[in-house]
Amino acid sequence: MKVLICTDTNAAIDRAAHLMTDRLRDKPKSVFGLATGSTMEPLYDRWIAIAGDEGLSFARARTFNLDEYVGLPASHPQSYHHYMERFFFDRIDIDRANAHLPNGAAPDPAAEAKAYEGRIANAGGIDLQLIGIGRNGHIGFNEPTSSLTSRTRLKTLTRSTLEANAAHFPPGETPPRYVITMGIGTILESRACLLLATGAGKAEAVERMIEGAVSAACPASALQFHPSATIVLDPEAASCLKLRDYYEQVHPAGRETTVEGARGA
Ligand code: GLP
């Protein structure tokens, strides 16, 4: 795992946005795995701005989101379809036919989950998967005890995730209990993973992900198996890490270091 601890929250968002942009520049036809949640809102803003400054186009990019609520149609204001339109797709030149999310309104969600796996495979797999983390260590909607080899499927949300995500719903409305999510095995097949976490509320989950035992009790810990996983953090999200000094020594202020750079230092 590459652990990049940035100087503040804006720097972490900027760092992650530059990593996404680098991939788009290097391969305009990239297949991006995308994520939702409050953490990602400023990330999309920044990515759009940087790509715009560089004159990069998303017209050839393809995207697959991690998850969607079961029972919410794409038009529902709290659906992840709607979130993606609002924060990203409406603001870039992506071909909508290439922007995929699981269909939460499908009559047979289990069949839809299976078909979604097929669509990812047909696209040639995911080049770079963007990931957030839940306070209980979930990635996508893979709640604790999810199989570390799981595929896209139907899941039931924990009470703590329902409570956390209720903040995005109008007062009195609760999020659906069921979701379709890429599996942990699906996520681990991405050629690269980029997890962004900001704020003290994520610090314990981040510590378990990076320094804890690999365990279904903390689904994000499965990223320890990934050969190319980059974790971008602000100081608050990094505040429980025991080896923080080491990560900061290897990547000062979250920068890349090379052997050459280290020699010169
Ligand atoms: C939801 C999403 C996750 C996301 C998590 C954290 O549960 N399914 O993909 O990582 O929320 O969201 P936030 O960034 O709002 O804390």
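Determine if the range 66-77 includes at least one residue that is over 22 Å from Val206 (Cβ atoms) and of a type in the set (Ser, Thr, Tyr).
yes
Filter the range 176-203 down to the residues that are in a loop (DSSP other than H, G, I, E, B) and open to solvent by 10 Å² or more (accessible area, probe 1.4 Å), then identify the one that is farthest from the ligand (Cβ to nearest atom).
Arg191
Of all residues being away from the ligand (no atom under 15 Å from the Cβ) and touching a residue at least 60 places away in the same chain (Cβ under 8 Å) in the range 11-60, which is surrounded by the most Cβ atoms within 10 Å (Cβ to Cβ)? Just the residue, please.
Only one residue fits best here, namely Arg15.
Looking only at the range 212-228, filter to residues that are outside any loop (DSSP other than H, G, I, E, B) and of a type outside the set (A, V, I, L, M); which one of those is surrounded by the fewest Cβ atoms within 10 Å (Cβ to Cβ)?
Phe225
Being of a type in the set (A, V, I, L, M) and away from the ligand (no atom under 16 Å from the Cβ), is that true of even one residue in the range 62-73?
Checked the range 62-73: no residue is of a type in the set (A, V, I, L, M) and away from the ligand (no atom under 16 Å from the Cβ).
Given the condition open to solvent by 30 Å² or more (accessible area, probe 1.4 Å) and polar (S, T, N, Q), answer yes or no: does some residue in the range 74-87 qualify?
Taking every residue of the range 74-87 in turn, at least one turns out to be open to solvent by 30 Å² or more (accessible area, probe 1.4 Å) and polar (S, T, N, Q).
Mind checking which pairs have a first residue in the range 61-78 that is touching a residue at least 24 places away in the same chain (Cβ under 8 Å) and a second that is surrounded by fewer than 16 Cβ atoms within 10 Å (Cβ to Cβ) and small (Gly, Ala, Ser), Cβ under 9 Å, 6 or more apart or different chains?
The qualifying pairs are Arg62/Gly124; Glu68/Ala74.
Conditions tested, residue by residue: (1) in a helix (DSSP H, G or I); (2) modelled with pLDDT under 95; (3) over 26 Å from Pro176 (Cα atoms).
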{"site": "Asp53", "(1), (2), (3)": "yes, no, yes"}
{"site": "Arg60", "(1), (2), (3)": "no, no, yes"}
{"site": "Arg86", "(1), (2), (3)": "yes, no, no"}
{"site": "Asn103", "(1), (2), (3)": "no, no, no"}
{"site": "Ala110", "(1), (2), (3)": "yes, no, no"}
{"site": "Lys114", "(1), (2), (3)": "yes, no, no"}
{"site": "Glu117", "(1), (2), (3)": "yes, no, no"}
{"site": "Gly124", "(1), (2), (3)": "no, no, yes"}
{"site": "Leu130", "(1), (2), (3)": "no, no, no"}
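Within the range 161-213, which residues are under 17 Å from Ile133 (Cα atoms) and charged (D, E, K, R)?
Passing the criteria: Glu163, Lys202, Glu204, Glu207, Arg208, Glu211.
Across the range 116-154, which residue is surrounded by the fewest Cβ atoms within 10 Å (Cβ to Cβ) among those that are of a type in the set (D, E, K, R) and more than 10 Å from the ligand (Cβ to nearest atom)?
The residue in question is Arg119.
Please go through the range 52-89 and pick out each residue that is more than 25 Å from Ala123 (Cα to Cα) and among the aliphatic types (A, V, I, L, M).
Residue satisfying the conditions is Leu72 alone.
Which of the residues belonging to the range 229-249 are assigned to a loop (DSSP other than H, G, I, E, B) and open to solvent by 50 Å² or more (accessible area, probe 1.4 Å)?
Matches in the range 229-249: Glu236, Ser239, Cys240, Lys242, Leu243.
The values are calculated or read from the model by the stated rules, or taken from the named source; none is laboratory data. This one's a predicted model, so the numbers in the text were calculated from it and none came from an experiment. As a convention, Cβ positions derive from the backbone with ideal geometry for all residues, glycine included, and neighbour counts pool all protein chains shown. For the accessible areas, the whole protein counts, side chains as well, though only heavy atoms, and no ligand, DNA or RNA atoms are used. Shrake-Rupley method; radii C 1.70, N 1.55, O 1.52, S 1.80 Å.
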